[in-house]
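Student: Here it is, the structure, as structure tokens.
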Amino acid sequence: MQRYSASIESTHLNSNNVAVAIEFAFMAVEQSGIKLPRPAPAMKQQAEQDLIDTGRAAFEYPTANRGTLTAVVTDRLFESANQARKKARELYAVGGELEISDDQPVKYDSEKDQWLVEAWIWVDAESAACDDLDDDADEDNIETAYIAAAEHPAAEIGENARASLGDDPGAYVSAWITVSGHDVRQQQEACA
């Protein structure tokens, strides 16, 4: 089974790639010459966030000669992804060192039967050697320092990691937590 289902009227596409499914949903709209209310990249980004938040993204566009054109993308594994987040919190989000919010992406690796849940790891300024920086310090270098200092025994800090800098003496760094498919299925059974 493919994770994402996209449809425009009677045309359907199934894909494990969210970008492909969203692109398919916009393709007919853009090709039909319908003027989008916002730039397409912003709408696609909103669609991806809607899929994370609700498991569904829908777009309705009035046309001159065909009525309303509706494009829909559905995440078939939305409920399972929520259970993966819940299990990751239960297993790893202890003591505030690791945060997993409901709006973070979740990926499923069917070959390994595991879920990858995006999380945020707290890194204090001292650990990143950023505790004595002045206000003119280069933000890119500061972000790189926090990412390099991030560590958690259950997390993998990937090459696309981001640091969320704020006013606190530290930063949260994005990472991926692995949860087995078996653990997620047990979580689903416990909630049923």
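Student: May I ask you to list pairs of residues, at least six apart or on different chains, whose Cβ atoms are under 6 Å apart, with the first in region 161-183 being more than 20 Å from LYS86 (Cα to Cα) and the second being polar (S, T, N, Q)?
Tutor: ALA161/SER174; ARG162/SER174; ALA171/SER164
Student: Taking region 102-125 as the search range and keeping residues that are in contact with an Asp or Glu (Cβ under 9 Å, 6 or more places away or on another chain) and exposed (fewer than 13 other Cβ atoms within 10 Å of the Cβ), which one is modelled with the lowest pLDDT?
Tutor: This residue is ASP103.
Student: In addition: Taking the condition assigned to a loop (DSSP other than H, G, I, E, B) and hydroxyl-bearing (Ser, Thr, Tyr), does SER174 pass?
Tutor: It is false that SER174 is assigned to a loop (DSSP other than H, G, I, E, B) and hydroxyl-bearing (Ser, Thr, Tyr).
Student: Scan region 76-101 residue by residue and report those that are modelled with pLDDT under 90 and under 15 Å from the mean Cα position of the chain (by Cα).
Tutor: Matches in region 76-101: SER101 only.
Student: Output the residues belonging to region 39-60 that are more than 17 Å from SER15 (Cα to Cα), in contact (Cβ under 8 Å) with a residue 24 or more places away in the chain and outside any strand (DSSP E or B).
Tutor: GLN49, ASP53, THR54, listed by residue number.
Student: Let me ask something additional. Restricting attention to region 81-101, report how many residues are within 23 Å of ALA6 (Cα to Cα) and surrounded by fewer than 19 Cβ atoms within 10 Å (Cβ to Cβ).
Tutor: The number of residues fulfilling the criteria is 1.
Student: Let me ask something else. When you scan region 52-75, how many residues do you find that are among the aromatic types (Phe, Trp, Tyr) and modelled with pLDDT of 80 or more?
Tutor: 1
Student: OK, next. Could you grab me the full set of residues in region 1-19 that are more than 24 Å from THR68 (Cβ to Cβ) and among the β-branched types (Val, Ile, Thr)?
Tutor: Within region 1-19, VAL18 is the sole residue that qualifies.
Student: Let me ask something else. Are any residues in region 61-80 small (Gly, Ala, Ser), crowded, with 16+ Cβ neighbours inside 10 Å and not in a helix (DSSP H, G or I), and if so, which ones?
Tutor: ALA71
Student: Is it the case that ASP138 is modelled with pLDDT under 90, of a type in the set (D, E, K, R) and either in the same structural domain as ILE100 (by TED's automatic domain parsing) or surrounded by 11 or more Cβ atoms within 10 Å (Cβ to Cβ) (or both)?
Tutor: yes
The values are calculated or read from the model by the stated rules, or taken from the named source; none is laboratory data. Quantities reported herein were computed from a predicted structural model and do not represent experimental measurements. With ideal geometry, Cβ positions are generated from the backbone for all residues, glycine too; neighbour counts draw on all protein chains shown.
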